[in-house]
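Before any comments, here is the structure.
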Amino acid sequence: MRSRMLCVIVVALAVVTLSADEGMWRIGQLPVDTIANRYGVKLTPRDLERLQNAAVRISSGGTGTFASPNGLILTNHHVALDCIRTSTLAEQEKGGGENLIERGFTARMMSEELPCRRFRVQIERSSRDVTTELNLDVKSGMSMAQIQQVRQARRGEIERACTQEKGASFTCSVVDFNSGAFSQLIVYEDFNDIRLVYAPEKQLGYFGGDEMNFRFPRYVSDISILRAYVGRDGSHGEFNAANVPYRPAHYLRVTLGGVKEGDVTFVAGNPGNTNRYRISESAVYNTSRGMPRLIQEFQTELALLRTYASEKPENQVLLQERIFGLANTLKYTQDVLAALESSDVVKQQRERERQFMEFLRTRRPDLVKEYETLFADHKKLYATTVEANADLDAALDWLEKASVVSYATTLYEFAQERAKPSDRDRDPQFQERFWNDVRQALTVDEPLVSGLEEDVLAIGFERALKLPADRQVPAVQSLVRRAGTSDPRALARAVTGASTVAKTDVRKMLVDAAAATFTASTDPAIVFARDLLPTIQERRARTRVLNETLFQHRAKFAQGLVLWKGNTLYPDANFTLRVTYGKVAGYNSGGKAVPFTTKFADMFALAQARGNRGDFALPAALVNWRTRIGDTAFNQRYANLPVDFVSTNDITGGNSGSATLNSRLEIVGLIFDGNEQAMASDWAYSEGAGRALSTNIRFALTIAREVQGAGWIVDELLAGK
């Protein structure tokens, strides 16, 4: 890929003076002169091209990096967890009984690498600005609903034209930056045959469990190694035994040279979401109502999942990825809420708005009334739309959490949408270029946990029945009349008890059925889905208008801040490729110095202090290895081996699995977390004690080679060194 394919944009979006290492930069924005002056590293166009094309976006919500000429991808254990889970299910279907999540996996040769199911990685190949094109049909005097509709239609046209030009191996997506202050068409190259090469035991990737999430010191080998495959003709289809390893034009090499305090570090990845340019009312709502409500919902769902996972080993495998993701999200949300409250982000944002308005009164009095109205309208929007629909949306969320209901409503709507004459008439998520993805999602060949389905639905019905009379869900009321009861548990059984939608074979028969098939069906889940779908569609339309209104408000605020500050800065994170720079650095916490790295011997000491039980139990393979080599050899060669380290890089969720790079753009670590002091950084970057946490690649590969027998894989990563 030539340098001309790099994403080159420069957008004025500043709101404050940057802290030293702040910034999640698009490639073309990266302040190479600042980096050269601060750290003595001059990044060349060739370097930027490598960063652009070696990092991959992973469908599970994280990042990976091509790290060998034969398509090896380094990422986190928890980013690859769903691949490990589906590989376990596939092996169990073939008669193997081992849980690869718990015991880990090492392919002994390339032919033993396991296919990941429904797992995709993407390389961002190019981008171009489409802001003007996207807003071409927006006219003065349009309602917000009309604006949303014409922008949505134009977005679909841009994406369809791009898909037709690029072909089936690519995804084209129009992405809004800073709530639509500008928009880009991003082209991703898709890889759909991804295989599991190596993963350590869960206890190595998750040592310390939930208690240690977002904490440091840490002792984890949070790594998995995948490989991308393509057809011999270069095609990018699903798994095929005849496919061959992909040979990337750009990959980043691993080094075992390690890091020391003060070393410059780079991170190329796909941070998920930040809110640094939000209007203060967003922080007010999230701290007072939004996040507390989410925490309660997460706790309820997590308790259910853990109960059912503990009942049977097969349930544990089925639910492990959901449990891990939800537990991580819960802990993250709790820590963010605490950090926002302790750092008083609301006060900071209100002060920013006060200073902004003072600027307008002094320099642009013609805009004062316009922005006073904007802030008032934004506050009203949260009260009249976001908060007013919170209970209804929560009830619908629980109803749709039940896979039987979700499958039934999606099958029915998919049939309706396919029958429409063209994509211009279809809902965006059901346009033809997404049909294969929809079919794949609807025909997942994994069993459902029936008791869990019933419990989830019962919660949904309980929430729905408690809504005020003017907010009742018609489908629920119809079900009450048919079933002759308003007991939530009985209603759940009425939907799931005699339904066959939970069966994969049934869904495979229905996935391309005509709408008339569903209209005539007496399956109780499909009958309920027919009644529920209009409410789901109404909610979707309402949410889209709400989001468009929020986008318009936030974009206007961003434009006003440009008038005020006039700097050129990075846009908020949105799961697109970003590069950050920083340095390896310890920090102070509660008056105590926290070293930049942890040591292997201290991992054993911590396990012993915790009784080597539960989340602090060391895996048997590691304990056996240390016993085998003896204390003398361990103390001489391994005791001081660095395990994890911290740096000042600006990261957030989605960066998990990103490679941490040294000044030569060699891989020295893998990002897996931020510390608790960084939890407010989605709203305001914290340089003082906020840190990015990385697994030291030397530690991870030492374990892989010496404990897990993955020497041939490590050799491939180190080839040419």
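The values are calculated or read from the model by the stated rules, or taken from the named source; none is laboratory data. Keep in mind it's a predicted model, so treat the numbers as computed, not measured. A quick note on method: Cβ atoms are made from the backbone with ideal geometry, for glycine too, and the neighbour counts reach across all protein chains shown. These accessible areas exclude ligands, DNA and RNA; they are computed on the full protein's heavy atoms, side chains included. Shrake-Rupley method; radii C 1.70, N 1.55, O 1.52, S 1.80 Å.
Things to note:
- Leading residue by the ranking (most open to solvent (accessible area, probe 1.4 Å)) among those in the range 481-490 that are touching a residue at least 12 places away in the same chain (Cβ under 8 Å) and in a helix (DSSP H, G or I): R482
- Within the range 132-190, tally of residues that are over 28 Å from the mean Cα position of the chain (by Cα) and open to solvent by less than 30 Å² (accessible area, probe 1.4 Å): 1
- Residue in the range 276-296 that is in contact with a Phe, Trp or Tyr (Cβ under 7 Å, 6 or more places away or on another chain), among the acidic types (D, E) and more than 24 Å from N649 (Cα to Cα) present: yes
- Only one of Q537, Q552 that is within 30 Å of the chain's Cα centre (by Cα), open to solvent by 60 Å² or more (accessible area, probe 1.4 Å) and closer than 30 Å to E358 by Cβ: Q552
- For the range 456-467, a residue qualifies if it is in a helix (DSSP H, G or I) and surrounded by fewer than 18 Cβ atoms within 10 Å (Cβ to Cβ), and the qualifying residues are E462, L465.
- From the options L661, L618, residue that is more than 30 Å from Y685 (Cβ to Cβ) and buried (at least 19 other Cβ atoms within 10 Å of the Cβ): L618
- Residues of the range 673-716 that turn out to be in contact with a strand residue (DSSP E or B) (Cβ under 6 Å, 6 or more places away or on another chain), more than 26 Å from T329 (Cβ to Cβ) and among the β-branched types (V, I, T), as a count: 2
- Consider the range 413-449 and keep the residues that are open to solvent by less than 30 Å² (accessible area, probe 1.4 Å) and not hydrophobic (A, V, I, L, M, F, W, C). The one that is farthest from V150 (Cα to Cα) is E446.
- Close contacts from the range 696-710, counting a first residue that is open to solvent by 30 Å² or more (accessible area, probe 1.4 Å) and a second that is of a type in the set (D, E), with Cβ to Cβ under 9 Å and a gap of 6+ residues or different chains, come to R705/D715.
A quick yes/no check of all residues on (1) of a type in the set (S, T, Y); (2) farther than 27 Å from N547 by Cβ; (3) open to solvent by less than 30 Å² (accessible area, probe 1.4 Å):
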site	(1), (2), (3)
L318	no, yes, yes
M357	no, no, yes
R361	no, yes, no
P365	no, yes, no
N389	no, no, yes
L399	no, no, yes
T409	yes, no, yes
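- Going through (1) on the phi > 0 side of the Ramachandran plot; (2) open to solvent by less than 20 Å² (accessible area, probe 1.4 Å) one by one, G95 falls short only on (2).
- Candidate set: the range 28-55, residues that are more than 29 Å from D190 (Cβ to Cβ) and assigned to a helix (DSSP H, G or I); chosen: the one least open to solvent (accessible area, probe 1.4 Å): I35
- Taking (1) of a type outside the set (S, T, Y); (2) under 30 Å from R664 (Cβ atoms); (3) touching a residue at least 60 places away in the same chain (Cβ under 8 Å) in turn, G614 satisfies each apart from (2).
- For first residues located in the range 358-372 and closer than 11 Å to G560 by Cα, partners that are at pLDDT below 95 and open to solvent by 80 Å² or more (accessible area, probe 1.4 Å) and lie 6+ apart or on another chain with Cβ distances below 7 Å form the pairs R364/L563.
- Checking R125 against (1) charged (D, E, K, R); (2) open to solvent by 30 Å² or more (accessible area, probe 1.4 Å); (3) touching an Asp or Glu at 6+ places or on another chain (Cβ under 6 Å), the condition it does not meet: (2)
- Residues that are of a type in the set (G, A, S) and open to solvent by 10 Å² or more (accessible area, probe 1.4 Å) were ranked within the range 682-695; the one that is nearest to the chain's Cα centre (by Cα) is A684.
- Among residues of the range 468-477, those that are within 18 Å of L533 (Cα to Cα) and open to solvent by 30 Å² or more (accessible area, probe 1.4 Å), counted: 4
- Taking the range 264-285 as the range and being touching a Lys or Arg at 6+ places or on another chain (Cβ under 9 Å), of a type in the set (S, T, N, Q) and under 14 Å from Q349 (Cα atoms) as the test, the residues that pass are S280, S282.
- On the stretch given as the range 407-439, residues that are part of a loop (DSSP other than H, G, I, E, B) and under 27 Å from F119 (Cβ atoms) total 3.
- Which numbered condition R352 misses (of (1) touching a Leu at 6+ places or on another chain (Cβ under 8 Å); (2) in a helix (DSSP H, G or I); (3) at pLDDT below 95; (4) farther than 19 Å from R542 by Cβ): (1)
- Annotation note: Cβ proximity below 6 Å between a residue of the range 230-242 that is of a type in the set (A, V, I, L, M, F, W, C) and a residue that is open to solvent by 40 Å² or more (accessible area, probe 1.4 Å) and not in a loop (DSSP other than H, G, I, E, B) (sequence gap 6+ or interchain) occurs for F239/P115.
- Residue count for the range 265-297, restricted to those that are aliphatic (A, V, I, L, M), over 30 Å from I697 (Cα atoms) and surrounded by 20 or more Cβ atoms within 10 Å (Cβ to Cβ): 2.
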